[in-house]
Amino acid sequence: MMRSEAEKTLVAAIQRRLAELSSRYPSSIMLAVDDEGRDYLDAALMGRHGEVLLTDNGGGDLTEIHWQTVLHHIGYVAVIVWLSDPRDLELVRQACREVEGMVPEFKDGEIGLLHSGHDNQKRN
């Protein structure tokens, strides 16, 4: 399938944005998060060593309107957590393990309140 010029431009912009974020934040992890999971993640990152930025899965701004619209539609929001200090990745992983342990019906492959999608293996 051939892409239109508009699609090519959009893909190039997303790739540039992700590359720029990757250069500023050496670690990242993709998560599926709801409101409760977001609160838990925020609390877990209180003791962080570096900067943290949450974006949508294309590296775009995660505005409150974006958050509420997607959450209402599918029940969770796919986010990328960008971390300037790689040590903070363990705080995120630990929060995911704790939340998954609190949800009794959680099974492998299901979405929890705070579910780890994948780490960026090239950089983590």
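No lab work stands behind these numbers, since they all come straight from the coordinates. Predicted model only: the values in this text are computed from it and were never measured. Using ideal geometry, Cβ is built from the backbone for each residue, glycine included, and neighbour counts are taken over all protein chains shown.
Numbers at a glance
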{"read-out": "Separation in nanometres of the label points that stand 7 Å from Cα toward Cβ, at Q15 and E90", "value": "3.6"}
{"read-out": "Trypsin sites (Lys or Arg not before Pro) within segment 1-95, DSSP loop, no more than 13 other Cβ atoms inside 10 Å", "value": "R3, R87"}
